[in-house]
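Notes follow the structure.
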Amino acid sequence: MPLLEIRDLHLHMRSFDGEAHVLNGINLTVERGEIWGIVGETGCGKSLTGLSVSRLVPTPPARYARGEILLEGENLLAATEARMRALRGRRIGMIFQDPTTNLNPVFRIGEQLTDVALHAGRGEPALLGLAPGASGGALRRAAREHALAMLEHVGIPNAAARMEDYPHQFSGGMRQRVLIAMALIGRPHLLIADEPTTALDVSVQAQILRLIHDLVREHNLGVLFITHNLGVVAQLCTHVAVMYAGNVVEAGPVRAVLKSPVHPYTRALLEALPRAGLARGALRGLAGTVPSLIAPPRGCRFASRCTRAEPACQEGAPPLDAVGEAHRVACFVAAREAA
């Protein structure tokens, strides 16, 4: 059984101008030990895919028109909010994009981590090394010890003293490590990382990526890693899904997709990357604009920007077809040429 399976997920979002079709039939399968990079332009639905798994998209204004999100066989879209609260932090860990806004500035780091550990420990005391029915005092002491151990685990020097500090006393990289510790306190099976290295310099970014890689190897996690950075995907991920306007247009092992891209959009993204020795003015861009998601085209959503579009591309949406071992693409032309 897969760790995570997203089946034909359609998410609509109500707005003043109408209902936007922001996710349009997402299909994705994540196994333990796999790190899936989710890439694409701003607004393509990467973060909403991750937030949908943890059921953090407000409904309304959003609504799920159809589809399933299965975590170890359990349909999260059918789960109650009480059930989701039990799963968040325990089986699903989330690293949010900005550590500055996702740590409470008026509480010490130790208090915030301990509260997360308490939430996980009340549902499963064995996580804190306690038997069922342990007293509140014992739970809090064990939760603080567990929080301290996790802070040390993510590489915070002098962790016991730093538990008494406030978020503003940590650097950006240290705050990101705190968020990773917070996401891992409940020993989740699935980790969702929403652009966790965006605001960090290159050296700190490399440390965070190495930390996530080592944690996956140590705990056999499955990871959804949401990013704009294809270099990070190449360095960290085992698989990649390329999204465009709410669709997964290409997916597969990272080496296959990045070394032999098939979809015209994936190729355009790679051609837009700066490289050593590239002449001034030679960097290629992608002409056109993303189509309206309130009145999306009937066919392929990339067709208006695609230099290889055919009449069939305007008539129907292409399915994700296999073009290699575990390598799939949603393109009539590319799938025909690969056949």
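The values are calculated or read from the model by the stated rules, or taken from the named source; none is laboratory data. No experiment lies behind these values; they were computed from the predicted model shown. As a convention, Cβ positions derive from the backbone with ideal geometry for all residues, glycine included, and neighbour counts pool all protein chains shown.
Brief remarks follow.
- Tally, over the stretch 161-207, of residues that are without any contact (Cβ under 8 Å) to a residue 60 or more places away in the chain and either surrounded by fewer than 18 Cβ atoms within 10 Å (Cβ to Cβ) or closer than 22 Å to residue 105 by Cα (or both): 18
- Checking residue 78 against (1) of a type outside the set (Phe, Trp, Tyr); (2) surrounded by fewer than 20 Cβ atoms within 10 Å (Cβ to Cβ); (3) touching a helix residue (DSSP H, G or I) at 6+ places or on another chain (Cβ under 7 Å), the condition it does not meet: (3)
- Top-ranked residue in the stretch 210-222 [being touching a Pro at 6+ places or on another chain (Cβ under 9 Å) and surrounded by 19 or more Cβ atoms within 10 Å (Cβ to Cβ); ranked as modelled with the lowest pLDDT]: 212
- Within the stretch 129-159, the residues that satisfy the criterion of being within 15 Å of residue 181 (Cβ to Cβ) and more than 25 Å from the chain's Cα centre (by Cα) are 143, 144, 145, 146, 148, 149, 157, 158, 159.
- Applying the criterion of at least 1 residues that are under 20 Å from residue 89 (Cα atoms) and modelled with pLDDT under 85 to the helices (runs of 4 or more DSSP H) found wholly in the stretch 110-193 leaves 136-153, 172-184.
Every residue, every condition in (1) over 19 Å from residue 190 (Cα atoms); (2) surrounded by fewer than 17 Cβ atoms within 10 Å (Cβ to Cβ); (3) assigned by TED's automatic domain parsing to the domain that holds residue 53, yes or no:
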position: 65; (1), (2), (3): yes, yes, yes
position: 71; (1), (2), (3): no, no, yes
position: 90; (1), (2), (3): no, no, yes
position: 95; (1), (2), (3): no, no, yes
position: 111; (1), (2), (3): yes, yes, no
position: 126; (1), (2), (3): yes, yes, no
position: 129; (1), (2), (3): yes, yes, no
